[in-house]
Amino acid sequence: WDGAITQQQNIREFIYQNAAFCLLDFTIKGGQFSLVPTLPFNEQNFKIKRDVNANELPKALFTDGNTRNLKVSFLSPEERQLFQARVLYREEVENGFPETKVLDIRFESKDDKENENLKKDPREIFDMSNFCTSVDHAKVFAKYALMVRKFVDHGISFETIPDAGMGLQPGDYIRVFSEITHNDRFENGFISADGVIQSQGSTNPVGKRIFYWKAFDDDGNEFGNPKAAKLTVNENGRATGTFRGAVFTIEKTTSTDRIYRVESITYTEEGFVQITGTHQPVTSTGTLRTLDYSGILFAEN
């Protein structure tokens, strides 16, 4: 951070805003302000560890046995909209005046049609010219911001006993293993009045167990509570009459095993510890998805 503070500022807001640009987290521990790295790094040379084994990061395990009031909050479509990053940074000139430079970075695809769509993504501007004098710094921040937007889609909140949360602090990684029925964000859909199944999920819902609900049943009575059933279709591939006009979600009873990064830890009025965290997706090889650039193309200007 190479800049000058020329105006009076709220110290907490200043640290919080600028820490993120430097891939740091602003935390308060024991009443003292602290900065901790957002990403795993090599303690010898301070380089980001892109090949870190995500399974070695968690410091605590939480299951259905030591958690309660588990809540999942998905980001809105606007918050997940891919973008083109424009970063402003400063280029120093010895014995001269500095010059503000512009770095544009976006995702790129080998598919021409998809690449044209990526070029139409909205542009978000990050003005780091007040303190950033390294183009490498600007690139690292922009690429990480793009990867987070692309792959991080939800966060969780739950309560646990103080012993289970002992030793944890914001920035730590945890593993959450649950056998409670989970609904993925895009494994939901709607069935029109003529039986057309509309779903954005990667799983074909036909033949799957689903929960479905509609305002009224076929006799015009209130439908009541959501019902579980196997989604069936006719010879034309359209949903049978029972399901028409209903919203649905695919029932999932398989266990889930995910890694989260702790954002905050607070005590509840009942003496439990409430932990909130953001999902850290993992690749098939065990690395953090937000740091794995293999197969990811960037276009720089």
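Taking 23 Å as the straight-line reach from the Cα of residue 214, the lysines in range (excluding those fewer than 8 positions away in the same chain) are 227, 230, 252. For residue 113, which aspartates and glutamates qualify as cross-link partners when the Cα separation must be under 15 Å and same-chain residues fewer than eight apart are set aside? Residue 113 reaches 121. Helix 11-21 axis versus longest C-alpha principal axis of the chain: approximately 80°, rounded to the nearest ten.
For segment 262-277, backbone phi angles converted through the Karplus equation (6.51, -1.76, 1.60; θ = phi - 60°) give residue-by-residue couplings of 5, 9, 8, 9, 9, 8, 8, 5, 8, x, 8, 9, 9, 10, 10, x Hz, Gly and Pro being listed as x. Considering only the chain, what is the antiparallel percent among its DSSP beta bridges, to the nearest 5? Percent antiparallel among DSSP bridges in the chain is about 90. Listed cross-link partners 71/143; 47/101; 101/143; 101/139; 59/143 are compared with a 19 Å cut-off, the Cα-Cα value being larger for 71/143; 47/101; 59/143. Among the protein heavy atoms, those of residue 154 account for about 20 Å² of accessible surface (1.4 Å probe, every chain in place). Sites count as exposed loop sites when they are GluC sites (Glu not before Pro), lie in a DSSP loop, and have at most 10 other Cβ atoms within 10 angstrom; the longest stretch of the chain without one is 95-234.
For the chain, the C-alpha radius of gyration divided by 2.2 N^0.38 Å, with N the number of residues, is 1.23.
Solvent-accessible area of residue 61, all protein chains in place: 100 Å² (probe radius 1.4 Å, heavy atoms, ligands and nucleic acids excluded). The residues of the chain have, on average, 60 Å² of accessible surface per residue, using a 1.4 Å probe with all protein chains present. Select from 260, 39, 245 the residue farthest towards the positive end of the dipole of the chain; place +1 on Cβ of Lys and Arg, -1 on Cβ of Asp and Glu, and compute about the Cα centre. The one lying farthest along the dipole's positive direction is 245.
The values are calculated or read from the model by the stated rules, or taken from the named source; none is laboratory data. Fair warning: this is a prediction, and the values are worked out from it, not measured in the lab. Here Cβ is always computed from backbone atoms with ideal geometry, including for glycine, and neighbour counts include all displayed protein chains. Side chains included, ligands, DNA and RNA excluded: accessible areas come from the protein's heavy atoms. Shrake-Rupley method; radii C 1.70, N 1.55, O 1.52, S 1.80 Å.
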